[in-house]
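As structure tokens, the structure follows; a few thoughts come after it.
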Amino acid sequence: MTNEKLNQSYEEKIKRISDIVDMLETNEVPLEKNIELVKEGAKLTKECKNYLEEAELTINKILDGKELEF
């Protein structure tokens, strides 16, 4: 995996997931490529889910007054 892929923002990952869905919906991609795209999409989805869970925890800490750093 390239360093660029490791440093993708949440928004870039969501865009890539959307692009993958579009490619899969066309039915014009060979089966092997479909499998690769599904794997990549699943990985990106998991990364985005983890990011959102961490963000939620951080927001909850802030709202609870446990992490007030201004």
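The values are calculated or read from the model by the stated rules, or taken from the named source; none is laboratory data. This structure is a prediction, so every number in the text was calculated from the model and none was measured. Neighbour counts are summed over all protein chains in view; Cβ atoms, including those assigned to glycine, are modelled from backbone coordinates with ideal geometry. The area values use the complete protein model at the heavy-atom level, side chains included, leaving out ligands, DNA and RNA. Shrake-Rupley method; radii C 1.70, N 1.55, O 1.52, S 1.80 Å.
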Of all residues in segment 22-42, how many are open to solvent by 90 Å² or more (accessible area, probe 1.4 Å) and not in a loop (DSSP other than H, G, I, E, B)? 5
Of these, ILE35, ILE17, ILE59, which one is on the phi < 0 side of the Ramachandran plot and within 13 Å of the chain's Cα centre (by Cα)? ILE17
Name the pairs whose Cβ atoms lie under 6 Å apart, with the first residue in segment 17-37 and free of Cβ contacts under 8 Å to residues at least 12 places away in the same chain, the second open to solvent by less than 70 Å² (accessible area, probe 1.4 Å) and in a helix (DSSP H, G or I), and 6 or more positions between them or separate chains? VAL29/MET23
